[in-house]
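The values are calculated or read from the model by the stated rules, or taken from the named source; none is laboratory data. None of these values were measured; they are calculated from a predicted model. Counting neighbours? That spans all protein chains shown, and the Cβs are built from the backbone with ideal geometry, glycine included. Accessible surface areas use protein heavy atoms only, side chains included; no ligands, DNA or RNA. Shrake-Rupley method; radii C 1.70, N 1.55, O 1.52, S 1.80 Å.
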Amino acid sequence: MRSKTIGALAALTAGVLLLPACGSRNDDGGGTDTGSVADVAAIQEAMPDVNGDGNVVIGIMSPGDTGDGGYYESFVTEARAFADEKGWTLNIVDKINTSDAVAQARNLCRQNVDMIAVGASELKDALSATSDESCANVAFYISSGDGVDENPQVAQSQDRANESIIVAGYSAGLIMQRTGAKTAGFIGGPEVDFSTRAANAYAAGVKQVVPDANVLTTYTGDSEDSGKAREAATAQMAQGAAVIYPYLGGATDSVASLANERNVAVLTPGSDRCDSTAPSYDVSVLFAPGLYFGETLNQFNDGTLELGAIKVYHLGVDKYPTVKICEPEGTEEAQLNEFIAGIGAGDIKPDDLIAASVS
């Protein structure tokens with residue numbers, strides 16, 4: 001994982017302005033909710049230079065570290081490549097507290113951005129800034145997981161976490177079958193709804209292959225704290241975990257490095273790391289927001305992005321989300337693809353399997 005200094009210098013030389021979440025503000029953060037309504041048709045017609053100032057500027061908001069080498073970084077990686085090609089500018093604000101989302105969105109609007117792209121539903125409150133006069137000429141986009149309230153000024157990408165995470169567990173179960181292992185691990189950060197639901201889905205997936213599996217679950221309280229994550233992984237390995245899913249942010253690679261040392265299989269939380277060697281991964285679980293953001297930017301560029309619309313990506317139907325075993329053995333790839341296809345066709349219902357597993 002690259003250093004913060006190198007990442008910041010690289011971004012600046014590429015024409016990208018990094019804005020710290022804790023930086024100065026134009027007001028006390030409260031702002032004035034004017035109740036104004038944007039002319040959505042005019043915004044769509046003017047894309048991508050929505051405000052007509054001759055420059056295209058994309059403001060990106062992330063609750064996590066956009067240099068984490070995984071889930072959150074994928075969002076800016078896709079945007080940076082697109083911006084470099086088109087000569088656009090990115091204003092990136094990361095590590096945003098949920099309570100600060102609205103103020104940060106207003107600040108970006110005042111910097112003449114043409115679009116604000118929100119990288120995760122944790123920052124959904126930022127969308128209320130659409131009622132602020134300063135944001136009346138800004139297109140909004142959010143990668144919203146299971147979805148947020150509809151807003152005529154906001155385009156949404158959604159997926160269904162249960163689909164990809166149950167398949168993550170299924171792939172872990174296939175790897176366990178190689179040696180007859182009976183124990184798997186899941187490590188989350190804060191014990192909140194999205195993390196606990198993922199833990200349940202992962203366990204259900206493992207048990208589709210290894211019905212009597214013991215799935216250990218640990219919440220460290222912090223997705224970025226590598227020390228706590230390694231402690232959790234060490235404890236799970238001591239209990240016999242043969243495969244571990246670090247459902248984390250910046251702490252992911254630290255767990256993976258430890259797993260490599262102990263010959264324990266490890267999965268990615270969102271991005272394709274099958275080509276990574278330091279650390280290496282056994283399974284790539286692909287649902288990171290950047291995977292959907294590329295299509296959104298293409299539509300924004302050619303003026304076809306439909307504000308107020310919701311695009312739902314389904315495993316087994318769309319290119320992403322998906323799951324792949326990096327070096328499958330025997331019939332593992334065929335089994336995994338059959339399970340994914342079953343979900344896409346509606347023959348396998350993840351929600352039902354998860355409910356049966358936790359009951």
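Relative to the longest principal axis of the chain, what angle (0 to 90°, nearest 10) does the C-alpha long axis of helix 71-86 take?
Between helix and principal axis, roughly 50 degrees.
Please turn the phi angles of the stretch 164-169 into ³J(HN,Hα) values with the Karplus equation 6.51 cos²θ - 1.76 cosθ + 1.60 (θ = phi - 60°), one per residue in order, whole Hz, x for glycine and proline.
6, 6, 5, 6, 4, x
Between the stretch 52-96 and the stretch 142-207, how far is it from one alpha carbon centroid to the other, in angstrom?
Each part reduced to its Cα centre gives a spacing of 25 Å.
Which entry in [x] 17.8; [y] 18.6; [z] 16.0 is this structure's computed mean projected area of the Cα convex hull in nm²?
Checked against the structure: label [x].
Carbon-plus-sulfur fraction of the accessible area of the chain, 1.4 Å probe, in percent?
Answer for the chain: carbon and sulfur cover 46 percent of the accessible area.
PRE reach from Thr331 (point 7 Å along Cα→Cβ): which of the stretch 202-221 fall under 15 Å by backbone N?
209-210
Could you provide, to the nearest whole Å², the per residue accessible area of the chain with probe 1.4 Å?
42 Å²
Taking θ = phi - 60°, what integer Hz values does the Karplus form 6.51 cos²θ - 1.76 cosθ + 1.60 yield along the stretch 93-102, in sequence order, with x for Gly and Pro?
In residue order, the calculated couplings are 10, 10, 6, 7, 5, 4, 5, 9, 4, 5 Hz.
Name the shape class, rounded, prolate or oblate, that the alpha-carbon gyration tensor gives for the stretch 127-282, where a ≥ b ≥ c are the square roots of its eigenvalues, rounded holds for a/c under 1.5, and otherwise prolate holds if a/b is larger than b/c and oblate otherwise.
prolate
Using the Karplus curve 6.51 cos²θ - 1.76 cosθ + 1.60 with θ = phi - 60°, what ³J(HN,Hα) values do you get for each residue of the stretch 153-163, in whole Hz, with x for Gly and Pro?
9, 10, 8, 10, 10, 10, 9, 10, 4, 4, 5
Give the long-range amide H neighbours of Ala155: residues separated by 5 or more places, or on another chain, with amide H under 5 Å away, using H modelled in the peptide plane at 1.01 Å from N.
Close amide H contacts, sequence-distant or interchain: Phe140, Tyr141, Ile142, Gly308.
Can you list residues whose amide H is under 5 Å from Gly59's amide H, if they're 5+ apart or on another chain and H is modeled 1.01 Å from N?
So Gly59 has HN proximity to Asn91, Asp114, Met115, Ile116, Ala117.
Using a Gaussian network model of the chain whose springs link C-alpha atoms within less than 10 Å, name the residue from Val266, Val192, Val215 with the highest mean-square fluctuation.
Per the Cα network of the chain with a 10 Å cutoff, Val192 tops the list.
If you take the square roots of the eigenvalues of the alpha-carbon gyration tensor of the stretch 171-240 and sort them as a ≥ b ≥ c, do you get rounded (a/c under 1.5), prolate (a/b over b/c) or oblate?
oblate
Rank these by accessible area, largest first, 1.4 Å probe: Ser128, Ser226.
Sorted by accessible area, descending: Ser128, Ser226.
Summing -39500 (n - 2.57) over the DSSP H runs of n ≥ 4 in the chain and dividing by its residue number, what mean residue ellipticity at 222 nm do you reach, to the nearest 500 deg cm²/dmol?
Taken over the chain, the calculation gives -12000 deg cm²/dmol.
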